[in-house]
Amino acid sequence: MRKVYFDHAATTPIHPKVVEAMLPYLQEQFGNPLSLHSFGEDPREAVEEARTKVADLVGARSDEIYFTASGSEANNMAVKGIALMNRQKGQHMVVSAIEHQSVLNATQTLEKLGFEVTQVPVDQHGLVDPDDVVAAIRDDTTLVSVMHANNEIGTIEPVAEIARAVKEKRKGITFHTDAVATVGILPVDVQELGLDLLSLAGSQFYGPKGAGALFIRKGTRLMPLIDGGIQERGRRAGTENVPAIVGLGVAAELAEESLAERAERLVLLRDRLMGRLTSEMDRVYLTGHPTMRLPGHVSVCVEFIEGESMLLMLNMQGIAASSGSTCTSRALKASHVLTAIGVETALAQGSLVFTLGESSTIGDVDYVAEVLPPIVERLRQMSPLYEGN
Amino acid sequence: MPTYSEKVMDHFMNPRNVGEIPNADGVGTVGNPVCGDMMAFYIKVDDEQRLADVKFKTFGCGAAIAVSSMVSEMAKGMTLEEAKKLNNRDVANELDGLPPNKMHCSNLGADALHKAIEDYESRGLGPREPVKIKDRIEPAEGEEHCVCPYCESSVEETDPTCRVCGAELDLCSECGEPLPQEAEECPECGAKIEVAEGT
């Protein structure tokens, strides 16, 4: 049976060159980078080399890159770290309503500690209006966090514009962007975007799981989440995950080399799939922005039926996809992103997300476009809500 | 996606008795698309008060479809009294179990069947009007069910532990909502938590 992996937003496969580069650090080069003896030497250099490669990918200095175990950790480090460090100055944060759970839930934890959070709404395409962000800023605001692109609906936010507007309003506010969905997929430059903090994760661009990073602009102070040794210049203690960090570095290097071609090809595949799904079936609606969206990202809501049942049937035909429906989340709650863009809860149940990647082909796209309509028809025939027959 | 038993997958991929009965003797619906699951059951009752035919239409996840199919299969041929005794747990057992977080929301098939029987019994011998399913959709209950504060899965009010994440739960003495262990006041109703002596 044909296998189609259209769930790159969950995680990407690991590039063979990444695996190859990691192997020595799982075997003979096992040393602790902090060790002064010879065993620590090569791992120490490898970590610093990886730091430079990650820094190059996002236009940062290498001493502004701090390795973490995931994008979620980087987001927590940014949000909690800034809030706690600046507690004397103010206890208010501004975030968008469609941030990843690792940002939203971090702000919820801070709320329990007495902080206040304003969530800025988005329009029907999921776009954040810079004016709304500025309007939410108060005298005691210390952090603004708006993601670069949303993983559920693919919409790319005008982050540069938002960062500029925030800094014009008040220079002292720290601006963070969760760029887990874009780094390694689209060109991302911390200078051009005007960022103080940026989160990224290797598992999103053909690197290993367990490796993320936070860019912290020189001069930005934050409270560490993990206290201990002097790793990551004291900002994130714990013996470095050397193999994963090395893998992240190589993934960053590979991404930088081929980013433009990758993205261009994915846009063509994306638009083909988007076009076929919405034109060849009735009552199938695109979610997210039609053009300002991630290169390989197609998200739709299929009316009258539910996402999990579609995913199960797609899976039986070798297709791996995702959904934001209530039933597919362990939490049994509709996606906060679909709710924020105003999709009715009943329609949100029919959410389907296809995320394409490097290995995706036009044949895969056409296969999905052929396989899905009969599944939709079959489930609609079973649905008490469907009267189209 | 949850791991379903082979029986669940069989009933999901090859559901029995899908459809409507145009001049049904009783129609029952439960759930709401807003909650993610909705089932409509149609029954035909013969002279001996047996379920001569049972059909369903379901909006929902794999579990919801499999449950509906299983209920229809089990109920067909039962007397009304037998069918009234059929409960959701029997249906889940017959399917070789359901994932814990599907027990609460997707396992409503027996309820829908019971509503169809109620509908039949309340109609008496009067004329059979065709039923519009859309008019039967009940309003969503909203957030009334209990939710585990750790993993946000639905929990039974009487459960001391969350069946999904295993966290130990207390219940608020005022409103009955589950509480995080470290809570000093109930996040739902704001009542102060009284700490029992010796804990």
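Every read-out reported here was derived from the displayed coordinates using simple, explicitly stated rules and does not represent laboratory data. The shown structure was predicted, so the numbers you read here are calculated from the model rather than taken from an experiment. Cβ placement follows ideal geometry from the backbone for every residue including glycine, while neighbour counts extend to all protein chains displayed.
Remarks
- Cα-derived Rg over Rh, computed across region A:252-389 with Rh taken as Kirkwood radius: 0.98
- What separates the Cα centres of region B:20-48 and region A:18-87 is a distance of 59 Å.
- Distances between placed amide hydrogens fall under 5 Å for residue A:96 paired with A:120, A:145, A:147, all partners being 5 or more residues away or on another chain.
- Placing unit charges on each Cβ (+1 for Lys and Arg, -1 for Asp and Glu) gives chain A a dipole about its Cα centre, and among A:309, A:244, A:118 the Cα reaching farthest toward its positive end belongs to A:118.
- In a DSSP loop and with at most 11 other Cβ atoms within 10 Å, the GluC sites (Glu not before Pro) in region A:1-88 are A:28.
- Other protein chain Cβ atoms within 10 Å, averaged over every residue that makes up A:234-247: 0
- Each other residue within a Cβ distance under 13 Å of residue A:140 adds +1 if Lys or Arg and -1 if Asp or Glu, for a net charge of +2.
- Euclidean distance between Cα centres, region A:206-227 to region A:289-368, Å: 30
- Listed residues A:70, A:62, A:279, most fluctuating in chain A (Gaussian network, C-alpha, under 10 Å): A:279
- Building the convex hull from the alpha-carbon atoms of region A:231-289 and averaging its projection over directions returns 7.2 nm².
- Stokes-Einstein translational diffusion, chain A - Kirkwood Rh over all Cα pairs, 1.306 mPa s, 10 °C, in µm²/s: 73
- Each Lys and Arg adds +1 at its Cβ and each Asp and Glu adds -1 at its Cβ; summed about the Cα centre, chain A shows a dipole of about 760 debye.
- Under the convention that each Lys and Arg Cβ holds +1 and each Asp and Glu Cβ holds -1, the size of the dipole of region A:168-209 around its Cα centre is about 140 debye.
- As a size descriptor, the averaged projected area of the C-alpha convex hull of region A:32-89 was calculated at 5.4 nm².
- Remark: mean inter-chain Cβ contacts per residue of A:375-385 equal 5, using a 10 Å Cβ-Cβ cutoff to other protein chain atoms.
- For region A:25-123, a crude dipole built from +1 on the beta carbon of Lys and Arg and -1 on the beta carbon of Asp and Glu, taken about the Cα centre, is about 500 debye to the nearest 20.
- Approximate spin-label separation residue A:169-residue A:113, in nm, with each point projected 7 Å along Cα-to-Cβ: 2.3
- Working note: 222 nm ellipticity from helices only, DSSP H runs with n ≥ 4, each -39,500 (n - 2.57), summed and divided by the residues of chain A, gives -13000 deg cm²/dmol to the nearest 500.
- For region B:1-131, convex hull volume per residue from C-alpha positions, Å³: 94
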